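Notes to accompany the following structure.
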Amino acid sequence: MRTQVGIIGAGPAGLMLSHLLHLEGIDSVVLETRSRSYAESRVRAGVLEHDTAQLLTDTGVGERLRREGLVHTGLDLRFDGVSRRIDLSALTSGRGITVYGQQEVVKDLIAARLAAGGEILFEVTDVSLDGIDGDTPVVRFKHEGTIRELSCVMVAGCDGFHGVSRPSIPSSARRTVEHTYPFSWLGILAQAAPSAHELIYTHHERGFALHSMRSPEVTRLYLQVPNETLLDDWPAARIWDELHTRLATNDGFTLKEGPILEQGVTPMRSFVTEPMRHGQLFLAGDAAHIVPPTGAKGLNLAMADVRFLADALSTWFRQGRDTGLGEYSARCLRRVWRVQHFSAWMTNLLHQPVDADEFSHRLQVAHLEYVATSTAAATTLAENYVGLPLDWGSRVDMPARPPVPFA
Ligand code: RFL
Ligand code: PHB
């Protein structure tokens, strides 16, 4: 098999890259270890930044998103039993977010690629990369019992945190910077109408809680829990009790309950690989970086990466110019680090540290009060939450530096 761009992974990054390249007349093949039905039902992100939703619409895959997505112009910061609304749109000249499940984005992109004759091979195994240092990279894999080879001009590693792309870069040619948080999220999807119109980010002395949603009939809820938490220790009644306690307000907020459709525990991690390119291999999305989900940024960052990558690949294939490819890693990493900072800031502001004492609690509340009352502080939250424009990095009047090792 032969293609221009071999794409490893049919998550949001790989599928959107394939879609964008197709619109530029560039051929790609997507390889995915999971089945189509698994990829289309994996419950993960829910919040799309303004520009992510716009990208889906502008490139012709936003029809269902516009029909079924829930547009939000604000969010609720809840602390000391009181809700304070952050008016995202008023603070960002009309930008907002759209609540639309990641698996719906994946379904829409798979349908668009297949309808356009795109090639996605599901349930491949034994994927390995060869020759990424040279001009003729090859991806080897097994599909339907046969070992196959995909010859490419470029390879895009969009295979998430546990994929093979990142480890294919020699360890001497990459650095990782990471931080693991001492807590996790226990998330549930419940067949219950949302209890509020907007997302509720709650600071509570028992730990963070988040009220989100997927549709007018389905609620998504999260609780901060200790690392190593076992779902077996959290029967439904305990989950609901804890959610009621943490989300309670002084004026009698009522949380609607319903059957739990799905549940899971997610560790919280910040992780960056630098650089995001090695030879003909370009990493994008979770394959290159992970953020804790508090800022709702992972999928959105993956989309920003592949926009930069599609742009650079298009310039290369159409005009033979490699400046975009040369700048790809630095361009992405500037945004990655902005988003890392925002995600860590939101996480530290809202979660109980393991060594919580009255001092740390009072500092968090003082900071939350500042965000809720100062237009400057609220704008910082709002402009990062709805997403900085794609050209944000190019407006920073600083050279994109190579990674500086921390002594
Ligand atoms: P994905 O989605 O992990 O897709 C990678 C794909 O690669 C496949 N794969 C392989 N394929 C071929 N060969 C191999 N060797 C392979 N190894 C793996 C995998 O099966 C998979 O299909 O990465 P991608 O595309 O970079 O997308 C990233 C996002 O999935 C992720 O950042 C978000 O889900 C993060 N996230 C959120 N992001 C947001 O922007 N907004 C949110 O509201 C939000 N909420 C969340 C989240 C992530 C969460 N969890 C579970 C980690 C909430 C949670 C709880
Ligand atoms: C979600 O709806 O799954 C969600 C919302 C906001 C976040 C993270 C996840 O910050």
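Model label points for Glu119 and Ser215, set 7 angstrom from Cα along the Cα-to-Cβ axis, are 3.5 nm apart.
Placing unit charges on the Cβ atoms of the charged side chains and taking the dipole of the chain about its Cα centre, the candidate lying farthest along the positive direction among His211, Thr323, Thr3 is Thr323.
Between the alpha-carbon centres of segment 22-46 and segment 236-284 there is a gap of 23 Å.
With the charge dipole of segment 1-154 set up from +1 on Lys and Arg Cβ and -1 on Asp and Glu Cβ about the Cα centre, the Cα lying farthest toward the positive end among the listed residues Leu150, Phe79, Ser18 is that of Phe79. Stretched out straight at 0.36 nm per residue, the stretch from Phe359 to Arg206 would grow longer than its current Cα-Cα span by 53.5 nm. Remark: the chain carries a charge dipole of roughly 540 debye about the Cα centre, counting +1 on each Lys and Arg Cβ and -1 on each Asp and Glu Cβ. For the chain, the 222 nm mean residue ellipticity estimated from helices alone, with every DSSP H stretch of n ≥ 4 adding -39500 (n - 2.57) and the total spread over all residues, rounds to -11000 deg cm²/dmol. For the chain, the alpha-carbon radius of gyration amounts to 0.99 times the rule-of-thumb value 2.2 N^0.38 Å expected for a compact globular protein.
Per residue, the accessible area of segment 178-268 comes to 46 Å² when a 1.4 Å probe rolls over the protein heavy atoms.
Suppose R0 equals 51 Å; then what is the FRET efficiency for Glu24 and Ala237 from their Cβ-Cβ distance, rounded to the nearest 0.05? Plugging the Cβ-Cβ distance into 1/(1 + (r/R0)^6) gives 0.45. Ranked from largest to smallest solvent-accessible area, with a 1.4 Å probe on the protein heavy atoms, Thr98, Thr245 come out as Thr245, Thr98.
Straight-line reach from Lys142: taking Cα to Cα under 30 Å and skipping same-chain neighbours fewer than 8 places apart, the lysines in range are Lys107.
Simple spin-label estimate for Glu149 and Ala376 gives 6.2 nm between the two label positions (7 Å along the Cα-to-Cβ direction from each Cα). Of all GluC sites (Glu not before Pro) in segment 54-156, which ones are in loop regions per DSSP and have a Cβ with at most 16 other Cβ atoms within 10 Å? Answer by residue number: Glu123, Glu144.
Measuring only protein heavy atoms, the 1.4 Å probe finds Phe342 accessible over about 10 Å². Taking every protein chain into account, the accessible area of segment 303-388 amounts to 45 square angstrom per residue (probe 1.4 Å). For the peptides 247-253, 325-331, 85-91, residues were scored by their other Cβ atoms within 10 Å and the scores averaged per peptide; the highest-first order is 325-331, 85-91, 247-253.
Computed about the Cα centre, the dipole magnitude for segment 247-298 is approximately 200 debye when only Lys and Arg (+1) and Asp and Glu (-1) carry charge, each at its Cβ. Relative protection proxy for 272-281, 219-228, from highest mean packing down: 272-281, 219-228 (other beta-carbon atoms within 10 angstrom). Rounded to the nearest 5, what is the percent of antiparallel bridges among the DSSP beta bridges in the chain? Around 75 percent antiparallel, to the nearest 5. The share of accessible area on the chain that comes from carbon and sulfur is 51 percent, using a 1.4 angstrom probe.
The values are calculated or read from the model by the stated rules, or taken from the named source; none is laboratory data. Bear in mind that the values here come from a model prediction, so they are computed numbers and not experimental data. Quick reminder, even Gly has a Cβ in these numbers, built from the backbone with ideal geometry, and neighbours come from all protein chains shown. Only protein heavy atoms, including side chains, enter the accessible area calculation; ligands, DNA and RNA are left aside. Shrake-Rupley method; radii C 1.70, N 1.55, O 1.52, S 1.80 Å.
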